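Reading through the structure tokens given below for one structure.
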Amino acid sequence: KVQRELDGVLEPSHLISYDDRKKLPYTSAVLHEALRYSNVTAVGVPRQCVRNTTLLGFHIQKGTLVLPNLHSVVYDSEHWATPWEFNPDHFLDSDGNFVNKEAFLPFSAGHRVCLGEQMARVELFIFFTSLLRAFTFQLPEGVKEINLEYILGAILQPHPYQLCAIPR
């Protein structure tokens, strides 16, 4: 679907730019869903309470270390129709237009948001669209599926697997 959208919207000689995302709602939705579904940071940057506070009925004392659980947000069924499935429709409205979601926090939130977020968004878009314009990706012959579980560590990482990049 991404390749069909790219082929239908961009001329073959067109150099992809970040502004093209506005014309490619499905491609943008797939990229956002990939970041949501394969969230690499389960826990955000630690913070410390600067004063006594109450959050959801729980008293938190000044000086308490707080770890934001980003993983819980990107898999919350209150915000995502199918949280444990890869579903680009999470980011599309009924007319197929791209819609950003408040619960989409792959780069954290607030004052501790990733400083490289904007650069990462640009690079991911250009890299992803350029690769899908040039190649079709598929599993090697005889391989039927890959392990979509993650390896838990300082970051969440995928299990190694092989892909075939076939020139288009």
(request) For a footprinting-style exposure proxy, rank Val2, Val74, Val113 by other Cβ within 10 Å, fewest first. (result) Val113, Val2, Val74
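Which is the longest stretch in the chain that no exposed loop site breaks, taking sites as chymotrypsin sites (Phe, Trp or Tyr not before Pro) with a DSSP loop state and at most 12 other Cβ atoms within 10 Å?
On the way: sites that count: Trp84, Tyr161.
Longest run free of exposed loop sites: 1-83.
Within the range 86-168, report the GluC sites (Glu not before Pro) that DSSP leaves as loop and that have at most 13 other Cβ atoms within 10 Å.
Working: sites: Glu102, Glu117, Glu123, Glu141, Glu145, Glu149; in loops: Glu102, Glu141, Glu145, Glu149.
For GluC sites (Glu not before Pro) across the range 86-168 that sit outside H, G, I, E and B with at most 13 neighbouring Cβ atoms in 10 Å, the list reads Glu102, Glu141, Glu145, Glu149.
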(request) Between Val40 and Phe58, with labels modelled 7 Å along Cα→Cβ, what's the label distance in nm to one decimal, could you check? (result) 2.8
(request) Using just the helices of the chain, give the 222 nm mean residue ellipticity in deg cm²/dmol: DSSP H runs with n ≥ 4 each add -39,500 (n - 2.57), and the total is spread over all residues, rounded to 500. (result) -8000 deg cm²/dmol
(message) Taking 30 Å as R0, compute the FRET efficiency from the Cβ-Cβ separation of Cys114 and Glu141 and round it to 0.05.
(response) 0.20
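Can you give the extra length, in nm with one decimal, that the chain gains between Leu124 and Ile155 once fully stretched, where that is 0.36 nm per residue apart less the Cα-Cα distance? Numbers along the way, then the final one.
Working: separation 31, 0.36 × 31 = 11.16 nm, distance 1.83 nm.
Gain on extension, Leu124 to Ile155, equals 9.3 nm.
Each value in this text was obtained by applying a stated rule to the coordinates, not by laboratory testing. Everything numeric in this text was worked out from a predicted model, so none of it was measured. Every residue, glycine as well, gets a Cβ built from its backbone with ideal geometry; the counts of neighbours run over all protein chains shown.
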